[in-house]
Amino acid sequence: MTNEAFMTKENLAYFTSYFNDNQKNGTISFDSFCTLLRDYKGISDKAVLEESLKELRSANEKKNSSQGITLRQEEYFNFLNTVLKDQAQSKNQNDPEMEKLFKSLSDKEGEYVYKKKLSDIITMFGLPVNLNEFFQPVGGQEQLNFNEFCCLFQAEKKDENLRKTFTNFIDKSSKEQEEKENIKAIYRANFPIKYYGD
């Protein structure tokens, strides 16, 4: 089973097709993988992409022969998720709304958000969120620092018409008038955070 935490149905289909078209004997070269991502329009931060590719190459050169790095399909999707996770993290780290959300959920020192607290909020509001998928990017960690917290969300493009945000889920469950007014204020502020597991 492939790790598809950071895949939409559309880019999953695109990446699967690319793998199938470029594979030889069930593997694809790391160079082809790099070409795919350098040409992919969904990559917004080229410097972060190059750093991700450098780290992946370095970590895998030792395991592969002198013939070059080749990726089986599962490795290919795991590598894709690493790159897409790094992209989301990079965007969200500079997002003031993300920082505000983190601070409102964090411990007294403002250093960590606890997975249990976030799970409890999702459960309390009855949000239609698969918690295993939602927390997949951070694995079994219980304390999430800001960078790790940022990995759970995808930053929306400002020109996108339909916003499926984390707060949309809360809005559907809000019963109190004050809560609804708070949510409307967040919408007016153009809250740009999208949950990946949708």
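Things worth noting here:
- Top-ranked residue in the range 122-136 [being over 20 Å from the mean Cα position of the chain (by Cα) and assigned to a helix (DSSP H, G or I); ranked as farthest from Cys151 (Cα to Cα)]: Met124
- First in the range 10-26 and within 18 Å of Ile69 (Cα to Cα), second anywhere and hydroxyl-bearing (Ser, Thr, Tyr) and surrounded by 15 or more Cβ atoms within 10 Å (Cβ to Cβ), Cβ under 6 Å, 6 or more apart: Phe19/Tyr76; Asn22/Ser32
- If you go through the range 94-121 and pick out every residue that is outside any helix (DSSP H, G or I) and either modelled with pLDDT of 80 or more or of a type outside the set (S, T, N, Q) (or both), you end up with 10.
- Screening the range 80-121 for residues that are farther than 28 Å from Lys41 by Cα and small (Gly, Ala, Ser) and picking the one that is farthest from the chain's Cα centre (by Cα) gives Gly110.
- Residue match in the range 103-116 (condition: under 30 Å from Phe30 (Cβ atoms) and of a type in the set (Lys, Arg)): no
Residue-wise test of (1) in contact with a strand residue (DSSP E or B) (Cβ under 6 Å, 6 or more places away or on another chain); (2) touching a residue at least 12 places away in the same chain (Cβ under 8 Å); (3) not in a loop (DSSP other than H, G, I, E, B).
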position: Ala59; (1), (2), (3): no, no, yes
position: Leu71; (1), (2), (3): yes, yes, yes
position: Phe79; (1), (2), (3): no, yes, yes
position: Val83; (1), (2), (3): no, yes, yes
position: Gln89; (1), (2), (3): no, yes, yes
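- Residue within the range 39-55 that is within 30 Å of Phe149 (Cα to Cα), at pLDDT 85 or above and in contact with a strand residue (DSSP E or B) (Cβ under 9 Å, 6 or more places away or on another chain) present: no
The values are calculated or read from the model by the stated rules, or taken from the named source; none is laboratory data. All values reported here derive from a predicted model rather than from experimental measurement. Glycine gets a Cβ as well: all are built from the backbone with ideal geometry, and neighbour counts include every protein chain shown.
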